[in-house]
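*Asks:* Quick one: this structure, given as structure tokens, is what I'll be asking you about.
No lab work stands behind these numbers, since they all come straight from the coordinates. Computed from a predicted model, the values in this text were never measured in an experiment. When we count neighbours, we look across all protein chains shown, and the Cβ atoms used for this are built from the backbone with ideal geometry, even at glycine.
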Amino acid sequence: MSNKVSRRTFLSYTLMGTGGFMASAMLMPMIRFAIDPVLASAGGSDMIPTPQKEADLSEVPVRVDYTIKDRQDGWYTSDESNTAWVYKEGDKVIALSPVCKHLGCTVNWEGDEHKNEFFCPCHAGRYKKNGANIPGSPPLGPLDEFEVEIIDGFVYLGGVIPNTLV
């Protein structure tokens, strides 16, 4: 007994096979596009070089501007400019985030009225040199710290961590 395939069955199988192939050809790039950032490896070190030499640091905080090259945000790659307040306390290099814990404004070191402290001009937030918030001013917590490494005499900054100085 032979199993003959009717013309109608043959055309049905052919159209389903062709349609399935076309659907998979369209879906595969979309699936790859959706999961590619998840699968991409984040190569390289987490420490970012700054132009600040350790030898030039003192006990007075200095503003250090640096750039994170090729910051990946989903499918968009760009350079990101950042700032830190860096100073030396004995032999230890300390880097504080300039982001106020009240509403995210940028703090500055000293001003005409605020000697030896960080000041946020947005809502009069004040911090001690170690980043501790001064009671009676708006911030509810201390300034964050950056991880710090010294490599070949230059300051390298890593991720933001909770303040360990207060």
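*Asks:* Which chymotrypsin sites (Phe, Trp or Tyr not before Pro) in the range 71-135 pass both tests, a DSSP loop state and at most 15 other beta-carbon atoms within 10 Å? Write out the running numbers ahead of the final one.
*Replies:* Numbers: sites: W75, Y76, W85, Y87, W109, F118, F119, Y127; in loops: W75.
Answer in residue order: W75.
*Asks:* Name the GluC sites (Glu not before Pro) in the range 62-166 that are in a loop by DSSP and that have at most 13 other C-beta atoms within 10 Å, would you?
*Replies:* Filter output for the range 62-166: E113.
*Asks:* Right, another one. How high is the relative contact order of the chain, in percent, with contacts defined as C-alpha pairs under 8 Å that are six or more residues apart? Walk me through the numbers on the way to the answer.
*Replies:* Values: 261 pairs, mean separation 29.3, N = 166.
So the answer I get is 18 percent.
*Asks:* Sum -39500 (n - 2.57) across every DSSP H segment of at least 4 residues in the chain, then divide by the residue count to get the 222 nm mean residue ellipticity, nearest 500. Mind dumping the intermediate values first?
*Replies:* Numbers: 1 runs with 33 residues, N = 166.
Using -39500 (n - 2.57) per qualifying helix, the result is -7000 deg cm²/dmol.
*Asks:* At Y13 and I68, where each label point lies 7 Å from the Cα along Cα→Cβ, what is the point-to-point distance in nanometres?
*Replies:* 5.7 nm
*Asks:* Answer with one residue from S24, N3, P138: the one whose Cα lies farthest towards the positive end of the charge dipole of the range 3-153, charges on Cβ with Lys, Arg +1 and Asp, Glu -1.
*Replies:* Farthest towards the positive pole: N3.
*Asks:* Still on this structure, please answer the following. Counting only pairs 8 or more residues apart or on different chains, how many lysine pairs in the range 48-161 have their Cα atoms under 12 Å apart?
*Replies:* On the way: K53/K88; K88/K129; K115/K128; K115/K129.
Step by step, the pairs that qualify in the range 48-161 add up to 4.
*Asks:* Taking a ≥ b ≥ c as the square roots of the eigenvalues of the Cα gyration tensor of the chain, is the shape rounded (a/c under 1.5), prolate (a/b larger than b/c) or oblate? Write out the running numbers ahead of the final one.
*Replies:* Values: a/c = 4.92, a/b = 3.05, b/c = 1.61.
Prolate, because a/c is 1.5 or more and a/b exceeds b/c.
*Asks:* Also, quick follow-up: May I ask you to evaluate 6.51 cos²θ - 1.76 cosθ + 1.60, the Karplus curve with θ = phi - 60°, for each residue of the range 116-127 and list the ³J(HN,Hα) values in order in whole Hz, giving x for glycine and proline?
*Replies:* 6, 7, 8, 9, 9, x, 5, 9, 6, x, 10, 9
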